[in-house]
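The values are calculated or read from the model by the stated rules, or taken from the named source; none is laboratory data. It should be emphasised that the depicted structure is a prediction, and the values quoted were computed from it without experimental measurement. Note that each Cβ is placed from the backbone with ideal geometry, even for glycine, and that neighbours are counted across all protein chains shown. Accessible surface areas use protein heavy atoms only, side chains included; no ligands, DNA or RNA. Shrake-Rupley method; radii C 1.70, N 1.55, O 1.52, S 1.80 Å.
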Amino acid sequence: MEQETRQQFNYEEFDEVLQELKQNSYDKVGLQGPDGIKPQLIDYADQLRDNGIEPVIIGASTFGACGIADEKAERMGADALVHVGHTRFLHPERADMDDLSVYYLPYREDRDLMGVLKDHHDDIEEEELGLVGVTQYMDRAEQAREFLEGQGHEVVDGTTGLRTTEKGQVLGCDAGAAHNISHKVEAFVFLGSGEFHPSQVSETGKKVYVVDPYERKIWVEPPNSLDDETQAEHARVLKYKDREKWGIITSSKKGQNYMQAVGIAKDKLEEHGKDVYVFVEDRIFEADYKGYGIDIYVNCACPRMTKDFQDLAFVSPKALEVLDEV
Ligand code: SF4
């Protein structure tokens, strides 16, 4: 089992971080990561301890480096934090993300992505392609590009986005890597799995070929228009436009705490005569916002968190523009 685990994870990158932690003579270091790699966090904790560094593990899993837990680690007396699984997250309002020394150890998933691309590349019809994906597979972006070019495609690499640091990297809240090049391509090739991220890329209005190493095939996310999403949000605002009480939610997670957006949304709502209540919580659960007698909330936290909520209306700050038109 130990052997299998070590083959799946890139211990070289961890060793580099470990050497830096030792050079800095840190006594205690925090460890944080997403669900699915918890056994690795225990393994890393063992290695820290073997090297004379006391580990402290952040219990709750994290969905992204937006939820950097440096303050929790510091409260436990740690000198640094190793954030496993994600690249550095840039705050869209340029707020400082690190109070403590933070080492990012992006997790690269050791699945046969290139095998899937080679076996199924005939499914890709378009010639000019944009290449994007999630960080778990972006270490193979160069190989994928070379392979696709060898098959006669013209490949445009994705850029970095507003919140991302790796070229071509897409987050659920930031498909800027794709949007920035969508005018140059006919379709996108996405390296990764699940519908969450490909659906963001499809909002460029282009077809997305998902090279999925879990499904072991290339499947297609059809083009979607950002305007559909905007129209749906406008409809929600208009439905509740006569309500007196409006809520604004943000998160206490560093990368999801958008105070400029809170201020802008509050001003806009007050301009329209609303009573505005601002809420903050670490994670956003719909049940927490029931019972206040408020039917509509403006989401100034992770834009994805509220997308599937059913009972209450959640809208982005941008959707409030429609209030000026009624
Ligand atoms: S989509 Fe949400 S959870 Fe994911 S990185 Fe963006 S803010 Fe964080």
Integer Hz, Karplus 6.51/-1.76/1.60 couplings in order for the range 284-300, x for Gly and Pro: 9, 10, 4, 4, 5, 9, 8, x, 8, x, 10, 9, 9, 10, 9, 8, 10
- prompt: Classify the range 2-105: rounded, prolate or oblate, from the alpha-carbon gyration tensor (a ≥ b ≥ c, eigenvalue square roots; a/c under 1.5 rounded; otherwise prolate if a/b is larger than b/c)?
  reply: oblate
query: So, in nm, how far is label Lys290 from label Glu195 when the simple model puts each one 7 Å beyond its Cα toward the Cβ?
result: 2.3
message: Placing unit charges on C-beta atoms (Lys and Arg positive, Asp and Glu negative, everything else neutral), compute the dipole magnitude of the chain about its Cα centre in debye, rounded to 20.
response: 860
field: Backbone N within the range 215-251 under 20 Å of label point (7 Å from Leu323 Cα along the Cβ vector)
entry: 230-251
Amide H contacts of Tyr107 (H built 1.01 Å from N, under 5 Å, at least 5 apart or other chain): Gly85, His86
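Can you give the accessible area per residue of the chain, in Å², using a 1.4 Å probe? Please list the in-between numbers first.
On the way: 15630 Å² over 326 residues.
About 48 Å² of surface per residue is accessible.
Which helices of the chain meet both criteria: a Cα extent of 15 Å or more along the helical axis and a mean Kyte-Doolittle score no lower than 0.0, with helices taken as whole DSSP H segments?
Helices meeting the criterion: none.
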statement: So for the chain, using the alpha carbon gyration tensor with a ≥ b ≥ c as root eigenvalues (a/c under 1.5 gives rounded; past that, a/b versus b/c decides prolate or oblate), I'd call it oblate
task: Calculate, in nm to one decimal, what Glu126 and Asp112 gain on full extension: separation in residues at 0.36 nm each, minus their alpha carbon distance.
output: 2.7 nm
query: Between Asp96 and Val280, what is the spin-label point distance in nm, taking each point 7 Å from the Cα along the Cα→C-beta axis?
result: 1.6
query: ³J(HN,Hα) across the range 210-225 via Karplus (A = 6.51, B = -1.76, C = 1.60, θ = phi - 60°), whole Hz, x for Gly/Pro?
result: 9, 8, 9, x, 7, 6, 6, 7, 9, 10, 10, 9, x, x, 10, 10
- prompt: Who wins for biggest fluctuation among Gly291, Gly115, Gly133 in a Gaussian network model of the chain, springs between alpha carbons below 10 Å?
  reply: Gly291
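Once you charge only the Cβ atoms, +1 for Lys and Arg and -1 for Asp and Glu, what is the size of the charge dipole of the range 205-326 about its Cα centre, to the nearest 20 debye?
Charge dipole of the range 205-326: 420 debye, to the nearest 20.
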task: Would you check the accessible area of Tyr277, probe 1.4 Å, heavy atoms only, in square angstrom rounded to 10?
output: 90
task: Please give every one of the lysines within straight-line cross-link reach of Lys118, meaning a C-alpha to C-alpha distance under 26 Å, and leave out same-chain neighbours fewer than 8 residues apart.
output: Lys167, Lys184, Lys206, Lys207, Lys217
task: Output the antiparallel fraction of DSSP beta bridges having both residues in the chain, as a percent to the nearest 5.
output: 15
- prompt: Using modelled backbone amide H atoms (1.01 Å from N, in-plane), which distant-in-sequence or interchain residues come within less than 5 Å of Val82's amide H?
  reply: Gly30, Leu31, Gln32, Tyr103
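Of the accessible area of the range 2-105, with the probe set at 1.4 angstrom, what percent is carbon plus sulfur?
Numbers: 2200 of 5130 Å².
It is 43 percent, rounded to a whole number.
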task: Would you look at the GNM of the chain, springs on alpha carbons closer than 10 Å, and say which of Arg111, Arg145, Arg75 moves the most?
output: Arg75
field: Amide N of the range 102-124 lying under 12 Å from the label point, which is placed 7 angstrom from the Cα of Glu154 along Cα→Cβ
entry: none
task: Filter the GluC sites (Glu not before Pro) in the range 169-277 to those in DSSP coil with at most 16 other Cβ atoms within 10 Å of their Cβ, and list the result.
output: Glu186, Glu195, Glu215, Glu244
- line: So the FRET efficiency between Lys241 and Met76, C-beta based with R0 = 41 Å and rounded to 0.05, is 0.30
- prompt: Dipole of the range 2-105, Cα-centred, from +1 at each Lys and Arg C-beta and -1 at each Asp and Glu C-beta, to the nearest 20 debye?
  reply: 220
- prompt: Round to a whole number: what % of the accessible area of the range 166-246 belongs to carbon and sulfur, probe 1.4 Å?
  reply: 47
task: Quick one: which residues, 5 or more positions from Thr164 or on another chain, have an amide H under 5 Å from its amide H? H modelled 1.01 Å from N in the peptide plane, none for Pro or chain starts.
output: Leu90
task: Putting +1 on Lys and Arg Cβ atoms and -1 on Asp and Glu Cβ atoms, find which of Pro213, Ser182, His197 reaches farthest to the positive end of the dipole of the chain.
output: His197
message: Give me the extension gain from Phe147 to Leu162: residue separation times 0.36 nm, minus the current Cα-Cα distance, reported in nm with one decimal.
response: 2.6 nm
Accessible surface of Ser101 - all protein chains present, 1.4 Å probe, nearest 10 Å²: 50
message: Can you tell me which lysines have their Cα less than 18 Å from the Cα of Lys318? Leave out same-chain residues fewer than eight positions away.
response: Lys239, Lys241, Lys266, Lys268, Lys274, Lys307
message: Give me the one-decimal nm value for the distance between modelled label points at Tyr11 and Lys307, 7 Å along each residue's Cα-to-Cβ direction.
response: 3.7
- request: Just tell me which lysines come within less than 28 Å, Cα to Cα, of Lys22; anything on the same chain fewer than 8 places away is out.
  value: Lys38, Lys72, Lys254
